[in-house]
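Below is one structure. I have some questions about it.
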Amino acid sequence: MSIRRLPEHLVNRIAAGEVVERPASALKELVENAIDAGAVRISIVLAQGGLGRIEVADDGCGMAKSEIALALERHATSKLPDDEIDQVTTLGFRGEALPSIASVARVTIESRVRGADGWSRIVDNGALAGEGPAALPPGTRVTVEELFARVPARRKFLRSERSEYAACLDVVKRLAMARPDIGFALEHDGRRTLSVQPNEDRPARVAALTDRELAGNSLAIDYARGPASLGGVAGLPTFNRGVADHQYLFVNGRPVKDRLLIGAVRAAYQDLLARDRHPVLALFIDLPGDEVDVNVHPAKTEVRFRDPGAIRGLIVGGLRHALDEAGHRSAQRPSASALGNWQPEPVRSPSFPLPTPGQAAVWDRHQHYSPQARAEPAVEAVPLAASYPLGVARGQVAATYIVAEAEDGLVLVDQHAAHERLVLERMRRAMANGGVARQALLLPEVVELDEPACDRIEARIAELEEMGLELERFGPRAILVRATPAMLGAGDVRGLIADLADELAAFDSALSLKEKLDLVAATMACHGSVRAGRLLSVAEMNALLREMEVTPHSGQCNHGRPTWVKLAHGDIEKLFGRK
Ligand SMILES: Nc1ncnc2c1ncn2[C@@H]1O[C@H](COP(=O)(O)OP(=O)(O)O)[C@@H](O)[C@H]1O
Ligand SMILES: [Mg+2]
C-alpha cells in the first residue's frame, strides 16, 4: 500500500461533501460571503429550490481579477489576516466554500471593485471553463448552476424542490435576522418571497421574518451575566406555536443550531406553556471569542461553548427575568380573526338584527346558558379605572367572563383561566416559604374512591399536606379530608380529591408533585371557588383583577392561553366604523 497525495479536485470534492450538503448550504456560504464583503443589499434568485440555479448578488467590496482566481483556490481567504482564529469576526474564515461548491457545480463569479472594470470566471465541476470582462455594478454576483449534476450519489439524497426551497428560505431568514442593517430580497421561480429593507431595528426585523404580530406580543431581552450578554426578542407565552421551528439562536452574530437552546428555552417557559406548545423567539448571545469555538463544524452551524452551563444560565435567566417583568401581560389584543368575529354583518331586520354567525361562534361554548349577563351599578368612579391596567369590573357575562373598563379600552377576563394561574403562582410562592396555608373544614369530609385511587392518594399524603391539603386514609375505599388550601375558598372537595387521584394515575411515580405543581394547581383551581360558571360579585371580580395585576405570569393560564384580552378604544371605534 502506498500513500499518495490526493489531487486538488478530489480534495475539493471531499470538502464539498461536508460543506455543501444541499442547495441551502451552498446558498448559506454565498450569502455569508456577501455579508463579509460589507454589502448593504443582497439579492438572491433561486430556481427549482436551488437545484436549478442559485444566484447571489451583492453591493459589497468586490474582487479584483486576480482575487477571483484566488478565491476559487482551497484555503485561500482574506479573512484571517493575522492567523487569530479565536478572534474571527467574519462569518467565513476557512477558505473552503467557493472551491468546494465549484467542484460540484458550474459556478460563475462576476465581480467588480469600485472604480475598476468587472471580471468574470467560470469553473465547471472543478475545471476552468472560461473568463473575461464582465459588466456589472460594483460588487459581486455568484451563480451556481447544475448543483450535483455530476454527483448522482449526492443528488439522490436531496429532497423535493419544495423542501430544498424551504431550507433555503430558512437560511436567508436566519442571516437576515442576524443582520438587520442589511437589506435582503429573495426570489424563487420568478416570485418574490422575501424582502426586507436595510437599517431596520432588530425587533422589527425579527417580526418581519417570523410574524408581524410578534411585534406587539413579545418582550425585549437585554441581559448580561459576566462577560456574556443576551439580547433579542421573546414571544409572550400566549403567542405560542405548535412547533419549535420559530426559535432562532445567534452567537456573536452567527446563526447557529444548538440543542442547548431548545432545552434552555423549555426550562425558561416551563409551566407557562403546555408541553406541546413552543414560544417564538430570536436570541442573540454575545461573548468574548475565547469563550466559544466556531470552528467545530465545516458548515459553521454548530459552535462549542467553553462553559455550556453558563450559557444555559444566561438564556434561562434572561428569559425568566423578562417574563417575570412582564407580569400580567398577555397577548393583549384579540387576534385578527377573533376580532373579525365582532364585525357586524349587514343588518337583516331593521330593528332587531339576529346574532351573526360570528358572534354566535364566540360564545359557542356557552350556548346552553340563557342570557344572564349582569351589569352592576357603576359604584366606582370612572377615573379610578385609570390607575389599574386591567380596569374596574363592570359586569360578568355567561358566568365565565369578567367585563372590565380600563382607561384605554374594554377588558375581558376568562375568570377560570385567570384563577387557575393565580392559584399556581400563589402556591409556588407559598411553597417557597414553607407551605400553603390550610383552612380546616368545619366537618371533615369523607370522599369515597376505589381502592387503587385511595392508595395513590395515600402515597402522596405528605406532599399534598405541603400544598394545603390535610388528608387521611379512611378505610380501604375512602379518604378523609380535614383541611383544604385556604386560597381556594369553599370549593368542591369531593371533585378535587377524585380528580387528584386521576391525575396521580397519570403521573410518573418517580416525580415529586412539586415538579408537577402546575398540574396539581390546575386541578385544585378547577374545584376552587372561582371556576367557570360561577357568579361573582363586583368585589370578587375586582379582587381577582387586582391580584392579576401584581402576580407574575398572570397573563396566561397554565396552558399558555391568554387569561385576558383588551379591546382598545381604537379597536372598538373600528368596529363601529368610527375610524
Ligand atoms: N461576495 C464576495 N465579495 C467579495 N469577496 C468575496 C465574495 N465571496 C468570496 N469572496 C472572497 O473569496 C474568499 C474565499 O471565499 P470562501 O471560499 O467562501 O472562503 P471564506 O469565506 O472562508 O474566506 C473570501 O475570503 C473573500 O476574500
Ligand atoms: Mg465564505
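Bear in mind these aren't lab numbers, they're just calculated from the coordinates by the rules spelled out. Since the structure is predicted, the reported quantities are computational estimates derived from the model, not experimental observations. Quick reminder, even Gly has a Cβ in these numbers, built from the backbone with ideal geometry, and neighbours come from all protein chains shown.
Restricting to Cα atoms and excluding each atom paired with itself, what does the Kirkwood estimate give for segment 534-579 in Å? Don't skip to the end; give the middle numbers.
Details: mean 1/r = 0.0779 Å⁻¹.
About 12.8 Å, per the Kirkwood formula over Cα pairs.
Moving on to the next point. Taking a point 7 angstrom from the Cα of LEU575 along the C-beta vector, which residues in segment 393-419 have backbone N less than 11 Å away?
Correct set: 410-412.
Nearest 10 degrees, 0 to 90: what angle lies between the long axis of helix 308-326 and the longest principal axis of the chain (Cα atoms)?
Helix 308-326 and the main axis of the chain meet at about 50 degrees.
Quick one: angle between helix 517-526 and the longest Cα principal axis of the chain, in degrees between 0 and 90, rounded to 10, please.
The angle comes out at about 40 degrees.
Which shape class, rounded, prolate or oblate, goes with segment 393-449 when its Cα gyration tensor gives a ≥ b ≥ c as root eigenvalues, a/c under 1.5 marks rounded, and past that a/b bigger than b/c marks prolate? Before the final figure, lay out the partial values.
Values: a/c = 3.21, a/b = 1.74, b/c = 1.85.
Verdict is oblate for segment 393-449.
Okay, moving on. Can you tell me how segment 47-146 classifies by the Cα gyration tensor, rounded, prolate or oblate, using a/c under 1.5 as the rounded cut?
Details: a/c = 1.62, a/b = 1.21, b/c = 1.34.
Cα axes put segment 47-146 in the oblate bin.
Right, here's the next one. Quick check on packing: order 422-433, 11-22 by the mean number of other C-beta atoms within 10 Å, highest mean leading. Present the calculation step by step, with values, prior to reporting the outcome.
Numbers: 422-433: 18.2, 11-22: 20.3.
So the peptides 422-433, 11-22, ranked by packing, come out 11-22, 422-433.
So, one more: Hey, rough spin-label estimate for ARG74 and ALA543, points 7 angstrom out along Cα→Cβ, what's it come to in nanometres?
If labels sit at ARG74 and ALA543, their model points lie 7.7 nm apart.
Between SER529 and GLU472, how high is the FRET efficiency from 1/(1 + (r/R0)^6) when r is the Cβ-Cβ distance and R₀ = 22 Å? Nearest 0.05. Can you show the working numbers first?
Numbers: r = 24 Å, r/R0 = 1.08.
For R0 = 22 Å, the calculated efficiency reads 0.40.
Could you tell me what percent of the DSSP beta bridges with both partners in segment 228-319 are antiparallel, to the nearest 5? The partial results should precede the final answer.
On the way: 13 of 18 bridges.
Of all bridge pairs located within segment 228-319, approximately 70 percent are antiparallel.
Please check which bits of segment 239-261 a label hung off GLU18 would reach, taking the label as a point 7 Å along Cα-to-C-beta and the cut-off as backbone N under 18 Å.
Of the residues in segment 239-261, 257 have backbone N under 18 Å from the label point off GLU18.
Could you list LEU261, LEU511 in order of exposure, starting from the residue whose Cβ has the fewest other Cβ atoms within 10 Å? If you can, show how the numbers build up before the last one.
Details: LEU261 21, LEU511 10.
If I rank by nearby Cβ atoms, fewest first, I get LEU511, LEU261.
Okay, next question. Pop a pseudo-label 7 angstrom from the Cα along the beta-carbon direction at both ASN433 and ASP222 and give the gap in nm to one decimal.
3.2
What is the sum of charges, Lys and Arg at +1 and Asp and Glu at -1, for the other residues whose Cβ falls under 14 Å from the Cβ of PHE474? Display every interim value, and only then the final one.
Values: positive: ARG473, ARG477, ARG482, ARG494; negative: GLU445, GLU448, ASP450, GLU451, ASP455, GLU458, GLU470, GLU472.
The answer is -4.
Here's a follow-up. How many angstrom separate the Cα center of segment 106-131 from the Cα center of segment 168-215?
Cα centroid of segment 106-131 versus Cα centroid of segment 168-215: 28 Å apart.
Roughly how many Å is it from the Cα centre of segment 242-300 to that of segment 442-500, as a whole number?
42
Pull up the cross-link candidates among the lysines for LYS566, meaning alpha carbon to alpha carbon under 28 Å and not fewer than 8 places away within one chain.
LYS574, LYS579
Give me the distance between the Cα centres of segment 532-567 and segment 216-234, rounded to whole Å.
28
Counting helices only, and only those DSSP H runs with n ≥ 4, report the 222 nm mean residue ellipticity of the chain as the sum of -39,500 (n - 2.57) divided by its residues, in deg cm²/dmol to the nearest 500. The partial results should precede the final answer.
Working: 18 runs with 187 residues, N = 579.
My calculation for the chain gives -9500 deg cm²/dmol from helical runs alone.
Sticking with this structure for a sec: With a ≥ b ≥ c the root eigenvalues of the C-alpha gyration tensor of segment 100-165, is it rounded (a/c under 1.5), prolate (a/b larger than b/c) or oblate? Let's see the in-between values first.
Values: a/c = 4.31, a/b = 2.00, b/c = 2.16.
Oblate shape, in that a/c is at least 1.5 and b/c is the bigger or equal ratio.
All other residues with a Cβ under 15 Å from the Cβ of ASN199 taken together, and with Lys, Arg as +1 and Asp, Glu as -1, what is their net charge? Please list the in-between numbers first.
Values: positive: ARG41, ARG179, ARG202, ARG205; negative: ASP59, ASP181, GLU200, ASP201.
Within the 15 Å Cβ shell, the charges total 0.
Given Cα positions, please report Rg to Rh for the chain, the hydrodynamic radius being the Kirkwood one.
Values: Rg = 30.5 Å, Rh = 28.0 Å.
My calculation of the ratio gives 1.09.
Per 0.36 nm of contour for each residue apart, how much would the distance between ALA127 and GLU407 grow if the chain were fully extended, relative to their Cα-Cα spacing? Before the final figure, lay out each step's value.
Values: separation 280, 0.36 × 280 = 100.80 nm, distance 7.15 nm.
This chain segment gains 93.6 nm when fully extended.
Nearest 0.05, what FRET efficiency do VAL243 and ALA274 give at R0 = 22 Å with Cβ-Cβ as r?
Details: r = 13 Å, r/R0 = 0.61.
So the FRET efficiency works out to roughly 0.95.
A follow-up question, please. Based on the mean of other beta carbon atoms within 10 Å per residue, what is the order of 548-558, 496-506, most packed first? Walk me through the numbers before you get to the answer.
Working: 548-558: 21.7, 496-506: 18.3.
Ranked by mean Cβ neighbours within 10 Å, highest first: 548-558, 496-506.
OK, next. Against the longest principal axis of the chain, how steep is helix 161-178, in degrees 0 to 90 to the nearest 10, with axes from Cα atoms?
80
Across 10 Å bins from the origin, how do the percents of Cα pairs in segment 195-236 run, short distances first?
Bins of 10 Å from zero give 28, 44, 24, 3 percent of pairs.
Order these peptides, 469-482, 390-403, by their mean beta-carbon neighbour count within 10 angstrom, highest first.
Values: 469-482: 16.8, 390-403: 21.1.
Per-residue mean Cβ counts within 10 Å order the peptides as 390-403, 469-482.
If I take R0 = 25 Å and measure r between the Cβ atoms of ALA398 and GLU213 in this structure, what FRET efficiency does the formula 1/(1 + (r/R0)^6) give, to the nearest 0.05? Working shown, then result.
Details: r = 27 Å, r/R0 = 1.08.
After rounding, the FRET efficiency stands at 0.40.
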